[in-house]
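One structure is given below, encoded as structure tokens.
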Amino acid sequence: MSLNLPDPLALPGGGRALTSTQWNEVCRPALSALIQREEYGQIPSAPGQLRATVVRTDRNALDGCGTLREIDIDTTSPDAHIELLLITPNAATTPAGCFLGLNFGGNHRILPDAAIRPQLAKRVSGADVEAERGTETGTWPAAAIIARGYALATFFNGDAVPDDKYTAAQRLAGFLPPGVEPDGGDAPATIACWAWSLSRAIDFLSNDGAVDAKRIALAGHSRNGKTALLAGAMDPRAALVISSQSGCGGAGPSRDLGNEWSQRETVQQINTAFPHWFCANFKQYNASPDKLPFDQHALIALCAPRPVLVSSATEDLWANPAGSFAMLNAADPVYRLVSGEGIDVHEMPETGVLLKTRLGHFIRPGRHAMTTEDWSAWLDYADAWL
Ligand code: GTR
């Protein structure tokens, strides 16, 4: 398919990268810098200090199948407080591969467990969360994940920066990397800080005896799927990335690729509804996304050679399934160069069929949601690659 997209393998002085060394040493750092500068803002620096405190352990979670821990991760410069929920399989005799992802509603929604802490803001405000407990067991099917031998780690996306256009700015100011101006066009925005917070969870997980540091998979849905992809692109410790219905600013193209993609969310729409997600520079492309010097295939390509699964739903046209599939194909030349393999299918695959290739694809019937059907495909994909 020819889509007239910027070539991620283009060399700054002209010509095209022909070796993986040229990609890794020239194209990759240049694209990484460009994407941060023009879209997400600069990823905050690694913290000065990180302290992890296990605040609760339940060795008998999930009817004895898992060990559940609640872990506070506190950092200085930048200052952040993350409350990680980690469940590891009791049957494992060696460190487990682990799915790590941000959740939307708080850790207490993952399991019907009266002891799991809701997010800090709800505790402080004394909100009644009892009706919310365990309401997302379908979104995060912990029992099935543990039964397949994997660990599950998740935390509330708002732990690092609230998902709120009115209050995010105040928190974002604390994440400025040295040399970046607070009102600069490339000051980090919310998705960049969320990606940073995932890396802090990886800091902890990769030193935990129950988790295999080499088998940490990032998974996220929608805005959290955009974040999973950015975190995977920036943090090489992520061994695999699953980006679910992430659309604009995620696996979906910023450009209009033609009529069949016309129901998608545009750069202008996302920057208007969620001005805190992307950096100020990205707003310059509202009316002219075709002027972006990259598109989202470049973000996927930054994950090479690690496997990336793009997961979609047939009725979620806002998240642009066809355009996201096109981005996988457009990232393919980089994957071929770096790993010798990418995606072998060039027409939109059949619904319900998992493509287990290094650039993988899954689309299920239905709407915008993370479901047990998705997880069943994702676990199969993880079995193939982790
Ligand atoms: C929508 C937004 C999408 C997607 C989604 C979500 O309102 O337009 O970009 O991120 O929210 O996160 O559920």
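Brief remarks follow.
- Lys, Arg +1 and Asp, Glu -1 on Cβ, resulting dipole of the chain about Cα centre, debye, nearest 20: 440 debye
- Global form of the range 182-225, assessed from the alpha-carbon gyration tensor, a/c cut-off 1.5: oblate
- Cβ-defined net charge surrounding L292, 9 Å radius [Lys, Arg +1; Asp, Glu -1]: -2
- Calculated from backbone phi, Karplus (6.51, -1.76, 1.60) coupling profile of the range 312-326 in Hz, x at Gly/Pro: 9, 9, 4, 8, 9, 6, 4, 8, 6, x, 5, x, 5, 5, 4
- For the range 122-132, Karplus couplings with θ = phi - 60° (6.51, -1.76, 1.60), whole Hz, Gly/Pro x: 6, 5, 5, 7, x, 4, 7, 10, 4, 5, 8
- Cut-off under 5 Å, modelled amide H: who pairs with N103 long-range: F155, F156, N157
- Ranked by the mean number of other Cβ atoms within 10 Å per residue, highest first, peptides 206-213, 49-56 order as 206-213, 49-56.
- Look at the Cα gyration tensor of the range 95-211: its axes a ≥ b ≥ c give a/c of at least 1.5 with a/b at or below b/c, and that counts as oblate.
- GNM result for the chain, Cα springs below 10 Å: residue of A153, A233, A169 fluctuating most strongly: A169
- Across the range 246-382, C-alpha contacts under 8 Å between residues 6 or more apart give a mean separation that, scaled by the residue count, equals a relative contact order of 25 percent.
- Dividing the C-alpha radius of gyration of the chain by 2.2 N^0.38 Å, with N its residue count, gives 0.93.
- Fraction of beta bridges assigned by DSSP in the chain that are antiparallel (%, nearest 5): 50 percent
- Selection from F278, I216, M370, by position along the positive dipole direction of the chain (Cβ): I216
- Each peptide in 308-320, 245-257, 28-40 was scored by the mean count of other Cβ atoms within 10 Å over its residues; highest first, the order is 245-257, 308-320, 28-40.
- Close amide-amide hydrogen proximity is noted between A80 and T75, each under 5 Å apart and 5 or more residues distant or on a separate chain (H modeled in the peptide plane; Pro and chain starts excluded).
- Most mobile listed residue (T139, T21, T357) in the chain, GNM with C-alpha springs under 10 Å: T21
- Positive-end residue of L302, A143, V54, charge dipole of the chain with Cβ unit charges: V54
- Across the range 236-252, coupling constants 3J(HN,Hα) worked out from phi with the 6.51/-1.76/1.60 Karplus curve, θ = phi - 60°, read x, 6, 6, 7, 7, 10, 10, 10, 9, 6, 8, x, 4, x, x, 7, x Hz, and Gly and Pro carry x.
- Comparing mean-square fluctuations of G225, G126, G66 from a GNM of the chain with C-alpha springs under 10 Å, the top value falls on G126.
Readers should treat all values here as calculations from the given coordinates under stated rules, not as data from a laboratory. It should be emphasised that the depicted structure is a prediction, and the values quoted were computed from it without experimental measurement. Note: ideal-geometry Cβ built from the backbone for every residue, glycine included; neighbour counts use all protein chains shown.
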